[in-house]
């Protein structure tokens, strides 16, 4: 759970673009259909008797069920990774919650007063058509970059981060 500071408030959150998730789901669907294609190819084989054919079908059903179960688990992990990856922008900081695996999460925090540059990158035809890309936030005093990958509408997110940075700078200058 993320604890906000005393006078900190939520501005907006950013998630990955739906197409990033859809591509992974399409791969899962392809891998679930592939054994059915292999079954039709195997049905063209010459089975010596009906008992061999029945044994083959039971063998196929057993392994195909295990295959589908494995794909179901992988699909759930992909969904959890997609759903739990979130970037929260507040009036004081950017919080990056990155779900790497089922039980592996990384939370990074970047104070807005350390921001030196905010850049967005959209590469390729698909990214341009569907309007998604990466945001790169460079910090003062370090070579590290804070990269948010595969997000919707990167120019809008860049503008929101710059606006939050300007507002935090103005408040610091007033005090």
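The values are calculated or read from the model by the stated rules, or taken from the named source; none is laboratory data. Since the model is a prediction, treat every value here as computed from it, not as a measurement. Ideal geometry is used to build each Cβ from the backbone, glycine not excepted, and the neighbour counts take in all protein chains shown.
Got a number for residues in region 111-123 being more than 18 Å from the chain's Cα centre (by Cα) and either surrounded by fewer than 16 Cβ atoms within 10 Å (Cβ to Cβ) or farther than 25 Å from residue 173 by Cα (or both)? Please lay out each step first, then the result.
Taking region 111-123 as the starting set, the residues that turn out to be more than 18 Å from the chain's Cα centre (by Cα) are 111-119.
Next, from what is left, pick out any that are either surrounded by fewer than 16 Cβ atoms within 10 Å (Cβ to Cβ) or farther than 25 Å from residue 173 by Cα (or both): 111, 113, 116-117, 119.
Of the residues in that region, 5 qualify.
Which of the following residues is touching a helix residue (DSSP H, G or I) at 6+ places or on another chain (Cβ under 6 Å) and either under 30 Å from residue 109 (Cβ atoms) or free of Cβ contacts under 8 Å to residues at least 12 places away in the same chain (or both): 21, 4, 10, 59?
Selected residue: 21, the only one of 21, 4, 10, 59 that is touching a helix residue (DSSP H, G or I) at 6+ places or on another chain (Cβ under 6 Å) and either under 30 Å from residue 109 (Cβ atoms) or free of Cβ contacts under 8 Å to residues at least 12 places away in the same chain (or both).
One residue is enough: does region 66-80 have a residue meeting the conditions modelled with pLDDT of 90 or more, under 24 Å from residue 146 (Cβ atoms) and loosely packed, with under 14 Cβ neighbours inside 10 Å?
Among the residues of region 66-80, at least one is modelled with pLDDT of 90 or more, under 24 Å from residue 146 (Cβ atoms) and loosely packed, with under 14 Cβ neighbours inside 10 Å, which makes the answer yes.
Collect the residues in region 1-37 that are more than 19 Å from residue 164 (Cβ to Cβ), at pLDDT below 90 and surrounded by 12 or more Cβ atoms within 10 Å (Cβ to Cβ), keeping them in residue-number order.
Correct list: 20 only.
Would you confirm whether or not region 67-76 contains a residue that is under 30 Å from residue 135 (Cβ atoms), under 32 Å from the mean Cα position of the chain (by Cα), assigned to a helix (DSSP H, G or I) and touching a residue at least 40 places away in the same chain (Cβ under 8 Å)?
Yes, region 67-76 has at least one match.
If the requirement is being in contact with a strand residue (DSSP E or B) (Cβ under 8 Å, 6 or more places away or on another chain), loosely packed, with under 15 Cβ neighbours inside 10 Å and modelled with pLDDT under 90, which of these qualifies: 140, 164, 101?
From the options 140, 164, 101, the qualifying one is 140.
Out of the residues in region 81-98 meeting the condition of being over 9 Å from the mean Cα position of the chain (by Cα) and assigned to a loop (DSSP other than H, G, I, E, B), tell me which one is surrounded by the fewest Cβ atoms within 10 Å (Cβ to Cβ).
Looking at the filtered set, the residue picked out is 91.
Residue check, residue 149 against (1) within 18 Å of residue 19 (Cα to Cα); (2) surrounded by 14 or more Cβ atoms within 10 Å (Cβ to Cβ); (3) modelled with pLDDT of 90 or more, all met but one. Which one?
All conditions are met except number (3).
Mind telling me which of the residues 12, 31 ends up being in a helix (DSSP H, G or I), under 25 Å from the mean Cα position of the chain (by Cα) and under 30 Å from residue 130 (Cβ atoms)?
Only one candidate qualifies: 31.
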